[in-house]
Amino acid sequence: SFAHGANDVANAAGPFAAVAGLYAGQDPCSITTTIWVLLLCGAGIVLGLSISGHHVIKTIGKDLTAIDFPTGFSIELGSTMSVVLASCTGMPVSSTHCQVGSVIFIGMYENGAKHVKWSMLNKIIASWVV
């Protein structure tokens with residue numbers, strides 16, 4: 001969704017803009033994110049998704065728990081609402097964490113906890129730490 005993409009670009013652009021601003025000698029309290037930084041970060045996300053996005057989609061959308069169209073809609077709605085509400089309140093949030101959390105919650109609600117592949121969730125969490 002648009003909320004996920006905007007959140008991912010913002011998460012990538014913030015640190016990049018801070019480093020670029022400090023390198024340019026700007027005051028750390030007044031660094032702004034320029035359009036070229038947003039475009040560069042957006043292009044990086046598009047490149048990353050085109051190279052390995054299908055692996056992430058398969059892992060979260062198939063390997064973690066069974067998802068069909070109605071549950072997929074509920075997952076997207078729940079994670080999008082989480083990202084938008086957190087962003088509106090100024091809380092930093094990861095759209096990937098919201099998405100995985102929504103998949104786990106809906107998977108448990110629809111099929112029960114025994115149908116969630118917890119070993120796969122452990123691998124996903126380990127990849128976040130690394």
Flagged in region 21-42 as over 16 Å from the mean Cα position of the chain (by Cα) and part of a helix (DSSP H, G or I), in numbering order, are GLY21, LEU22, TYR23, PRO28, CYS29, SER30, ILE35, TRP36, VAL37, LEU38, LEU39, LEU40
Apart from one, (1) buried (at least 18 other Cβ atoms within 10 Å of the Cβ); (2) without any contact (Cβ under 8 Å) to a residue 60 or more places away in the chain all hold for ASP68; the odd one out is (1)
Taking region 114-125 and keeping residues farther than 24 Å from ALA13 by Cα, at pLDDT 90 or above, of a type outside the set (D, E, K, R) and open to solvent by 50 Å² or more (accessible area, probe 1.4 Å) leaves TRP118, SER119, ASN122
Sole miss for THR32 among (1) of a type in the set (S, T, N, Q); (2) over 26 Å from HIS97 (Cβ atoms); (3) surrounded by 10 or more Cβ atoms within 10 Å (Cβ to Cβ) is condition (3)
Flagged in region 98-110 as over 16 Å from the mean Cα position of the chain (by Cα) and open to solvent by less than 60 Å² (accessible area, probe 1.4 Å), in numbering order, are ILE106, GLY107
So, first residue under 11 Å from SER74 (Cα atoms) in region 105-116, second residue among the aliphatic types (A, V, I, L, M) and assigned to a helix (DSSP H, G or I), Cβ within less than 6 Å, six or more apart or across chains; the pairs are ILE106/ILE75
Picked from region 44-63 (must be aliphatic (A, V, I, L, M) and modelled with pLDDT under 90), the residue nearest to VAL9 (Cα to Cα) is ILE45
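The values are calculated or read from the model by the stated rules, or taken from the named source; none is laboratory data. Not measured: the values here are computed from a predicted model. No Cβ is skipped: glycine too gets one built from the backbone with ideal geometry, and neighbour counts run over all protein chains shown. The area values use the complete protein model at the heavy-atom level, side chains included, leaving out ligands, DNA and RNA. Shrake-Rupley method; radii C 1.70, N 1.55, O 1.52, S 1.80 Å.
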